[in-house]
Amino acid sequence: MADFISALPQWLLVVVGVVFLLVLLERIYVSKKPIIIAGKTFGPPSPDSAVEKVGKSNRPDEYQPFILTQRANTDLVKHVSDYAASWEQILQVMAANEFFALHSWYNEAERHDLALLCLDVAIARGMATSKNFSFRSASLRKLGRLREALHSAKLAIELDSANVDAYYNLSKIYKEMGKMEEAMKHVKIVLDSGHGIYDVRVYKAFPELGTEKA
């Protein structure tokens, strides 16, 4: 069996690996079903699990650091530790650029929740670029999380003031917020940038501009 696998083209092994990981992510994050591999269970916590119970104690209106060992008893901490170890076996298999590829896949499939998740992992692993924060802004906007999308787009511009994609995202975010004056300011920046591909997108997103200029 090992000889057969070693004889397969490298690209085929990569494709099979990516497909397998996509199936895992789809089952775990979308179907909410655990997966058992080599006798170990991977997947989201059940509604009454120790992980969820501990997580719910992290109240959003509390700003001091959340210290797990001060909020949970020894058994619950052990459960969370075991759960984290099981996740690491999946997460550590993939490099940052592979999570970015998954972001692109899910974005095209309009699964923006999973696209955002994969991109956040890629950023956490070192791909904290202006481009990626702009992409993050787009995913958040598509999920209706406009305030977060606004902050990500502004961070993208702070990292690179020439990032036209971030200005384009800001124009759409402000439009969805009902702030048309701000939206049109960013539309002008995009149109003045000379990036023709964004001209098409702007006129499609803002039909009130009329027909695209020749």
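The values are calculated or read from the model by the stated rules, or taken from the named source; none is laboratory data. Given the structure is predicted, the values throughout are model-derived calculations rather than measurements. Here the Cβ is made from the backbone with ideal geometry for all residues, glycine too, and neighbour counts use every protein chain on show.
Descriptive notes on the structure:
- Applying the condition of being crowded, with 22+ Cβ neighbours inside 10 Å and small (Gly, Ala, Ser) to the stretch 160-191 and asking which residue is nearest to residue 129 (Cα to Cα) yields 166.
- Test: residue in the stretch 149-164 that is within 13 Å of the chain's Cα centre (by Cα) and either at pLDDT below 95 or not aromatic (Phe, Trp, Tyr) (or both): yes
- Residue 173 being closer than 25 Å to residue 123 by Cβ and at pLDDT 90 or above: yes
- Residues (of a type outside the set (S, T, N, Q) and either within 26 Å of the chain's Cα centre (by Cα) or surrounded by 13 or more Cβ atoms within 10 Å (Cβ to Cβ) (or both)) located in the stretch 192-214: 195, 197, 198, 199, 200, 201, 202, 203, 204, 205, 206, 209
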